[in-house]
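What follows draws every value from the coordinates through simple rules; no lab data is involved. Keep in mind that what you see is a predicted model, and the values were worked out from it rather than measured. Ideal geometry is used to build each Cβ from the backbone, glycine not excepted, and the neighbour counts take in all protein chains shown.
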Amino acid sequence: DSVVTDRNADLIMFPNPASTSGGPVLGTPGVYPAGNAAFGDALYLDGVNAYAGLGNGSLSLDPTKVRIESWVKSDAATNGQILFDRWGQIVLYANSGGFSALVWDQAAGAPTLTANPAGFVATDWNHVAVEVEGADLSIFVNGSLVNSSTLAGGGMNATTSKTTTYIGQRYQGSNKLTGYVDEFRISTIPEPATIGLMGIAGIGIFVRRRLM
């Protein structure tokens, strides 16, 4: 399995941040490492007091078929940096060797799934996509499925226990991410499309298009 990871110019964030602190700022191509300018601006989090807050009242998230994805580039290879925090449902960490997702299930369990692909370099640009579909949890890194599991307590918990979802820190301000975030998206996994085979009754092909 794989996801499409093409980058577009400039930052795309959905929905727009409801609040920020200490930044974050849109970096300019001139301050980016070599090879980064072609992709336009990105969100820079300084690891001190910068974050983006998304009000849950305006943030639609279907816990039965959600995809959370982003390009990430850490300033240093550090474990436990929070990319996305929707406490009580899902937290996504950027680590020195890859990424991990903490997911609350319907039985109040909170298992963690880790994806550490070979050759991962945290200080390079990396794309991560986490999908929860029913009770299935999957983590894709740079387009490839790295790890998956089944949530023992059923699918993701239906509600978050907080009023705000955060990019770049935990809800109470810890585990800050230091580095760049680009093209952050939350989306609903599309339903498989059925394409009938002519002349063969009762047979279809199920096709899922994974789009950025």
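So, in nm, how far is label ALA77 from label THR123 when the simple model puts each one 7 Å beyond its Cα toward the Cβ?
0.9
In nm, to one decimal, how far is the ASP136 label point from the GLN106 one, both placed 7 Å along Cα→Cβ?
1.7
Using a simple spin-label model with points 7 Å from Cα along the Cα→Cβ vector, what separation in nm is obtained for SER60 and SER144?
So the label points at SER60 and SER144 sit 3.5 nm apart.
Identify all lysines with a Cα-Cα distance to LYS176 below 23 Å; exclude those on the same chain that are fewer than 8 residues away in sequence.
Partners found: LYS73, LYS162.
On full extension of the chain, what length is gained from THR188 through THR159, given 0.36 nm per residue of separation minus the C-alpha to C-alpha distance?
Going from the current span to full extension adds 8.8 nm.
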